[in-house]
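Following: one structure in structure tokens, then a few remarks.
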Amino acid sequence: MSLKIDLPLRRVVSHTSLTLSAGLLSMLLSGSLQANPQLMTEVDARGAQELRYANFEQWLNEFRRFAATQGISEATLATALNGVRYRDRVIELDRYQPEFVRPIWEYLDSAASDTRVNTGRERFEENRQTALEMQQRFGVPAEIVVAIWGIESNYGSNFGDFSTIEALATLAYDGRRRDFARGELLAALRIIEQGDISAERMKGSWAGAMGHTQFIPSSFEAYAVDGDGDGHRDIWGSIPDVMASTANYLARAGWQTGQPWGVEVVLPASFDYSQTERLSSAEWSRQGVRALEGELPDFESAAIVIPAGAQGPAFVVGPNFRAILRYNNATSYALAVATLADKIAGGAGIQQSWPRGEAALTRDDVKELQQRLNDAGYGVGGADGVMGPNTREGLRAFQRQQGLTPDAFATQSLLERLRQAR
């Protein structure tokens, strides 16, 4: 079945990523284009979306028909999709990129603040029986679960008030990761179909993360657990379900009962900061790595984490740190969860000082750094403003050439050195 295109030409050709052949452009100008597979191969995915759907309502109707073929009942489709709106604010947030990259110490100051620690201890005590029951059941320390709860939604005080259905529908129609959002929207419908939650109560962030500990729908399907025995998995209103689901996620992600997430360490003066491999604790010890307090945990596979380079704290982290990364693949996030959990349990938190005198690089600064590294022959790839592996390796090479510690920690002073380099 062909689909008549009824779009202003300016909406189609305004996208810089859209490439049209002369024949296809001629057909557009004549208004005779029909959407068929042969012609649609000449446009990219975003162009195809614009060509096929005149508006959000048209897209939603077609998705509704598709969802029905995937086993979603008409009753669920009606309650979940009738009246669903396109949300401009969701797209604004999806495309927003902050100018400044926040230093990790500022993030941790907030994520593991005294207020959040004290509130975490209060929430732990209020739910002690449940927390310890889930710890026994899944083997994940209760403090870790409470810490994730605190960081994800400030213990349920702010898990978002966007309709998950509207947010995901908007992103599936017009977001940066449309196929991903479309799959999550279908998963959300399956959750409603199963009866765990109503469409009206399915609330969360603009990105489709839901409930107290911010599960996306596909993670909910895979890991959510009925913790209170009422037959439903309710991560919006049942704290037992929240704790059970979060602990189950970490357990399934490879949490090893009885092991710590890692420890703060002191590195020897001769330490090779270019190492990225995982070694056993014994091997790190032979290099002169020492625990700041006590002994190194007995890890078979551990990495050194230095989020602020040689000027800041260092950590040896094991499998449980990697399990936290499965929840959110950012070192700063995993370190925040670990630190908050330690402090809720009565620990002192991170002891070594951060290089707070170093000003943050803006995204434009990072792009300039990348371009100057390329110009100097270090070959880091495109200047996209993201500190990826290639950029870090190029920065290490520049630091070595300058006689500096090659820790790949990007600073304003390093950028200035690059500006002055010839």
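Brief remarks on what is shown
- Within the range 378-422, being more than 25 Å from Pro268 (Cα to Cα) and small (Gly, Ala, Ser) holds for Gly379, Gly381, Gly382, Ala383, Gly385, Gly388, Ala421.
- Filtered residues of the range 409-422 (kept if within 26 Å of Pro98 (Cα to Cα), more than 23 Å from the chain's Cα centre (by Cα) and of a type outside the set (A, V, I, L, M)): Thr411, Gln412, Ser413, Glu416, Arg417, Arg419
- Residue count for the range 364-391 satisfying the condition of being open to solvent by 70 Å² or more (accessible area, probe 1.4 Å) and not in a loop (DSSP other than H, G, I, E, B): 7.
- Qualifying position, being modelled with pLDDT of 95 or more and at positive phi, among Tyr173, Tyr155: Tyr155
- Residues in the range 168-196 that are closer than 30 Å to Arg116 by Cβ, small (Gly, Ala, Ser) and within 17 Å of the chain's Cα centre (by Cα): there are none.
- Residue-level analysis places Arg182 among those that are open to solvent by 50 Å² or more (accessible area, probe 1.4 Å), in contact with a Phe, Trp or Tyr (Cβ under 9 Å, 6 or more places away or on another chain) and either assigned to a helix (DSSP H, G or I) or modelled with pLDDT of 95 or more (or both).
- Filter result for Phe162 (touching a residue at least 24 places away in the same chain (Cβ under 8 Å) and farther than 19 Å from Leu81 by Cβ): no
- Residue in the range 304-323 that is in contact with a Phe, Trp or Tyr (Cβ under 9 Å, 6 or more places away or on another chain), of a type in the set (Val, Ile, Thr) and surrounded by fewer than 18 Cβ atoms within 10 Å (Cβ to Cβ) present: yes
- Residues in the range 392-408 that are in a loop (DSSP other than H, G, I, E, B) and farther than 21 Å from Gly382 by Cβ were compared, and the one that is nearest to the chain's Cα centre (by Cα) is Asp407.
- Entry remark, the range 278-298: residues being open to solvent by 40 Å² or more (accessible area, probe 1.4 Å) and within 21 Å of Gln311 (Cα to Cα) number 5 in total.
- Hits in the range 77-88 - residues which are open to solvent by 30 Å² or more (accessible area, probe 1.4 Å) and in contact with a helix residue (DSSP H, G or I) (Cβ under 9 Å, 6 or more places away or on another chain): Thr79, Arg85, Tyr86, Arg87, Asp88
- Odd one out for Met243 among (1) over 23 Å from Gly71 (Cα atoms); (2) touching an Asp or Glu at 6+ places or on another chain (Cβ under 6 Å): (2)
- The set of residues in the range 134-155 that are surrounded by fewer than 18 Cβ atoms within 10 Å (Cβ to Cβ) and touching a residue at least 24 places away in the same chain (Cβ under 8 Å) comprises Arg137, Gly139, Asn154.
- Only one of the listed residues (Asp384, Asp375, Asp364) is farther than 23 Å from Arg102 by Cα and acidic (Asp, Glu). That residue is Asp375.
- Residue match in the range 203-220 (condition: more than 19 Å from the chain's Cα centre (by Cα) and open to solvent by 30 Å² or more (accessible area, probe 1.4 Å)): no
- Filtered residues of the range 109-143 (kept if among the hydrophobic types (A, V, I, L, M, F, W, C) and touching a Ser or Thr at 6+ places or on another chain (Cβ under 6 Å)): Ala112
- Where helices (runs of 4 or more DSSP H) sit wholly within the range 91-159, those with at least 3 residues that are more than 30 Å from Ala181 (Cα to Cα) and out of contact with any Asp or Glu (no Cβ under 8 Å at 6 or more places or on another chain) occupy 104-111, 114-126, 128-138.
- Selection count where residues are open to solvent by less than 30 Å² (accessible area, probe 1.4 Å), closer than 20 Å to Ile144 by Cβ and among the charged types (D, E, K, R), scope the range 222-269: 2
- Among the numbered conditions (1) over 22 Å from Gly312 (Cα atoms); (2) outside any helix (DSSP H, G or I), the only one that Ala360 does not meet is (1).
- Scanning the range 98-118 for residues that are surrounded by 16 or more Cβ atoms within 10 Å (Cβ to Cβ) and of a type outside the set (Val, Ile, Thr) yields Pro103, Trp105, Tyr107, Leu108, Ala111, Ala112, Arg116.
- Residues considered: Arg95, Arg121. Of these, the only one that is charged (D, E, K, R) and surrounded by 12 or more Cβ atoms within 10 Å (Cβ to Cβ) is Arg121.
The values are calculated or read from the model by the stated rules, or taken from the named source; none is laboratory data. Values in this document were obtained by computation on a predicted structure and should not be read as measured data. Note: ideal-geometry Cβ built from the backbone for every residue, glycine included; neighbour counts use all protein chains shown. Ligands, DNA and RNA are stripped out before the accessible areas are found, and what is left, the full protein with its side chains, is counted by its heavy atoms. Shrake-Rupley method; radii C 1.70, N 1.55, O 1.52, S 1.80 Å.
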